[in-house]
1. Test of understanding: extend the Cα→C-beta vector of Arg34 to 7 Å, then name every residue of the range 40-81 with backbone N under 12 Å from that spot.
2. Compute the length gained on full extension between Thr149 and Lys170: take 0.36 nm times their separation in residues and subtract their Cα-Cα distance, giving the result in nm to one decimal.
3. At R0 = 35 Å, how high is the FRET efficiency between Tyr51 and Leu97 if r is their beta carbon distance? Nearest 0.05 is fine.
4. Answer rounded, prolate or oblate for the range 71-149, using the Cα gyration tensor with square roots of eigenvalues a ≥ b ≥ c: rounded when a/c is under 1.5, else prolate when a/b is larger than b/c, else oblate.
5. Please report the net charge: other residues with Cβ closer than 9 Å to the Cβ of Thr154, K and R +1, D and E -1.
6. Where does each of Glu135, Glu82, Glu93 land when they are ranked from fewest to most other beta-carbon atoms within 10 angstrom?
Amino acid sequence: MRKNISKSGKTELFAPRTEEHEIPKGKLGLVFCRECNAVYYKKSWHHNLRYLKKLRENLPVKFAICPACKMIKNKQFEGQIEITNIPQKISKELINLINSFCKRAYGRDPMDRLISINQPKNQRQSASLIITLTENQTAVRLAKKIKQTFKKATMKISYSSSPSDVAYVKLEFRI
């Protein structure tokens, strides 16, 4: 156990991060997701089994819920992008960019998902969006792509504290 002294002066105990915690042992056989039909085989999730080479026969088959579907079900996320001061003339193009980027990311990895694109209720007059994603790296890459595409944006990235790995990105368009 490792001790951590928080800002409030309280001592917190938590288990050290070990290699088994970061890289868990793979499950044997095939695991099918009940929600999205993703397949877990040899320590990774796949869209389907069509392109897997050397797939052994007589593997045990299980049904479970994949990590991305669990996150969506539990209303959790690893990446959040808050975009403010969106010019009216590029709002449709921005949403199309977000959807297509996330569709390509999902095509590469079934665990990279766009959870939602929300417009905050209290800020209907000034255009703003809050985008939540299942992967923090995807959120950062998407924010960089938006900044690269629409040059008039400033970006600030912040990460949550140590046990969690949530990335918060703030993009603000300069008018």
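Each value in this text was obtained by applying a stated rule to the coordinates, not by laboratory testing. Keep in mind that this is a model prediction, so the values were computed, not measured. Virtual Cβ from ideal backbone geometry, glycine too; neighbours counted across all protein chains shown.
1. Flagged as within label range: 63-66, 70.
2. Values: separation 21, 0.36 × 21 = 7.56 nm, distance 1.58 nm.
Taking Thr149 through Lys170 to full extension adds about 6.0 nm, to one decimal.
3. Numbers: r = 28 Å, r/R0 = 0.80.
Calculated value: 0.80.
4. Working: a/c = 2.17, a/b = 1.37, b/c = 1.59.
Oblate is the answer for the range 71-149, as a/c is 1.5 or above yet b/c matches or exceeds a/b.
5. Details: positive: Lys147, Lys152, Lys156, Lys170, Arg174; negative: Glu172.
Once all neighbours under 9 Å are counted, the net charge is +4.
6. On the way: Glu135 21, Glu82 16, Glu93 12.
Listing Glu135, Glu82, Glu93 from fewest to most nearby Cβ atoms yields Glu93, Glu82, Glu135.
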